[in-house]
1. Residues of segment A:24-54 being hydroxyl-bearing (S, T, Y) and away from DNA strand C (no atom under 14 Å from the Cβ), which ones?
2. Does B:T77 count as surrounded by fewer than 20 Cβ atoms within 10 Å (Cβ to Cβ), at the interface with another protein chain (Cβ under 9 Å from one of its Cβ atoms), in contact (Cβ under 8 Å) with a residue 12 or more places away in the chain and not aliphatic (A, V, I, L, M)?
3. Consider B:H83 carefully, then state whether it is surrounded by 14 or more Cβ atoms within 10 Å (Cβ to Cβ), without any contact (Cβ under 8 Å) to a residue 60 or more places away in the chain and either within 9 Å of chain A (Cβ to nearest Cβ) or in contact with a Pro (Cβ under 6 Å, 6 or more places away or on another chain) (or both).
4. Could you say which residue among A:G117, A:G124 is among the small types (G, A, S), in contact with a Pro (Cβ under 8 Å, 6 or more places away or on another chain) and assigned to a strand (DSSP E or B)?
5. Enumerate the pairs (first residue in segment B:41-61 and within 14 Å of chain A (Cβ to nearest Cβ); second residue anywhere and within 8 Å of DNA strand C (Cβ to nearest atom)) with beta-carbon separation below 6 Å, excluding pairs fewer than 6 apart on the same chain, so at least 6 apart or on different chains.
6. Residues of segment A:91-118 being facing chain B (nearest Cβ under 7 Å) and modelled with pLDDT under 90, which ones?
7. List, please: which pairs have Cβ atoms under 6 Å, are six or more places apart or on different chains, and start with a residue in segment A:19-37 that is under 15 Å from A:G47 (Cβ atoms) and end with one that is at pLDDT 95 or above and among the β-branched types (V, I, T)?
8. Checking the structure you have, find out if any residue of segment B:8-23 is modelled with pLDDT under 95, aliphatic (A, V, I, L, M) and either surrounded by fewer than 18 Cβ atoms within 10 Å (Cβ to Cβ) or within 16 Å of DNA strand C (Cβ to nearest atom) (or both).
2 protein chains.
Amino acid sequence: MNTPPSMVRLTTQRQILLEELSKVNTHPTACELYKMVQKRLPRIGLGTVYRNLEIMVDSGIILKLELGGEQKRFDATTEPHYHVRCTVCGKMDDVTLQVQEEITKKAAEKTSYKIIGHLLEFTGECPDCQKAQAAKTKEADTA
Amino acid sequence: MNTPPSMVRLTTQRQILLEELSKVNTHPTACELYKMVQKRLPRIGLGTVYRNLEIMVDSGIILKLELGGEQKRFDATTEPHYHVRCTVCGKMDDVTLQVQEEITKKAAEKTSYKIIGHLLEFTGECPDCQKAQAAKTKEADTA
DNA sequence: TTTAAATAGGATAGTAAGTATCATTTATAA
DNA sequence: TTATAAATGATACTTACTATCCTATTTAAA
C-alpha cells in the first residue's frame, strides 16, 4: 500500500473560491462563481474554477447539487438539507426543513436497489419572480 | 384571440416513440430512445427524437425527468411518483412509494417561494451493479 | 382533385456546460 | 539548491441538446 505523494494544497484560488461560495446562500453555478472570483483574481481561468470545485466536492468540503436544471450548482453547507428551485429564473435557496430519514427506509422496502440516500428539491416561484409576474399582470390589465 | 392553425399530429415517428417509451420502465434518455426507435425506423433523425419528446412533454403525454445526472430521461407515466437512480450506472427505476403531499405544505411554511411541488429522487446501487461489485470484491480476495 | 398552407421530418450546423491536455509556474521535499 | 510534485491558465475537445434549412407529407381550401 504505497500512499501517493498527494495532498490537497490550499492555494489562493481555492481559498478565494471557498470564501466566495461561503459568502452567498444562493448556490451559484460554476460560471457564476467564476465571475465572482474574477473580481478578486482577474487572471483566473474557468478551468481552474471547475477543477477546484470538483476537488473540493471530492474531499467533502462542499456539495455539488445535481438536481433539476441545466447547470450544476455548488453549496458550502455539507450537512444534508433541502432546496427550492425557482422554475422561472432557476435560482436556488435552502429550505430549513427537517431531513426525512425515515423516507429512505420506506423506499428501501419498495425496491431491489441498495438505497444510500435521497435528494429532495422543491419547485416554485421565488419572491423576485412573483413580483415581476404581478407587475406584468397589472400592466396587461391596464393596457 | 386568434387560435393558430396548430394541432399535434400523431405521426408514425411519434407513435413509435411513445410505444417504445411505454414498453420500458427504466426511463430512457433521448439517445437510448433513439437507438430503440431506430430498430423500427432506421432513417429517423436524432433531432426528430428530441423534438417529439419535447412536444409530448409540452402536451402532457409524457414526463421529462430533470433530476440528477448528466442527461434528461423520459417517462411515459405522468402521475406523480418517485425514482431511484443507480449511482454507479445511472439507471433509473420507479419507487412505488406514496407521494408525500404534506411535505409541500411544510416547505411552503419555511420559505418565501410560492411552492408548486417537489421532486424526490433516491440514490443507491441497482441489483446489477451490486452483483458486479460483489464479483469484483471476490476476485480481489482470491488474487 | 388539384392546389396552397401548415406541419413534420431528416440532415447538418451551432451552443453551452463541462472535461482533458499541455506548457508554465509555484510549492514542497530531498 | 535542486528535483519532484502539484496547480494554474490557456486552449482544444466532448457531449447533450437546440436551431436552421430544405424537403416531404399531411390537411384544408378552392
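The values are calculated or read from the model by the stated rules, or taken from the named source; none is laboratory data. Since we're looking at a predicted model, the values are computed, not measured. Neighbour counts are summed over all protein chains in view; Cβ atoms, including those assigned to glycine, are modelled from backbone coordinates with ideal geometry.
1. To start, the set of residues in segment A:24-54 that are hydroxyl-bearing (S, T, Y) comprises A:26, A:29, A:34, A:48, A:50.
A:T26 - this is the single residue of segment A:24-54 that is hydroxyl-bearing (S, T, Y) and away from DNA strand C (no atom under 14 Å from the Cβ).
2. Values: surrounded by fewer than 20 Cβ atoms within 10 Å (Cβ to Cβ): yes; at the interface with another protein chain (Cβ under 9 Å from one of its Cβ atoms): no; in contact (Cβ under 8 Å) with a residue 12 or more places away in the chain: yes; not aliphatic (A, V, I, L, M): yes.
Here the answer is no, as B:T77 does not meet what is asked.
3. Numbers: surrounded by 14 or more Cβ atoms within 10 Å (Cβ to Cβ): yes; without any contact (Cβ under 8 Å) to a residue 60 or more places away in the chain: yes; either within 9 Å of chain A (Cβ to nearest Cβ) or in contact with a Pro (Cβ under 6 Å, 6 or more places away or on another chain) (or both): no.
No, not satisfied.
4. Details: A:G124 fails: in contact with a Pro (Cβ under 8 Å, 6 or more places away or on another chain).
Just one listed residue meets the conditions, A:G117.
5. Nothing qualifies.
6. Matches in segment A:91-118: none.
7. From segment A:19-37, the pairs are A:A30/A:V49; A:L33/A:V49; A:Y34/A:V49; A:V37/A:I16; A:V37/A:I44.
8. yes
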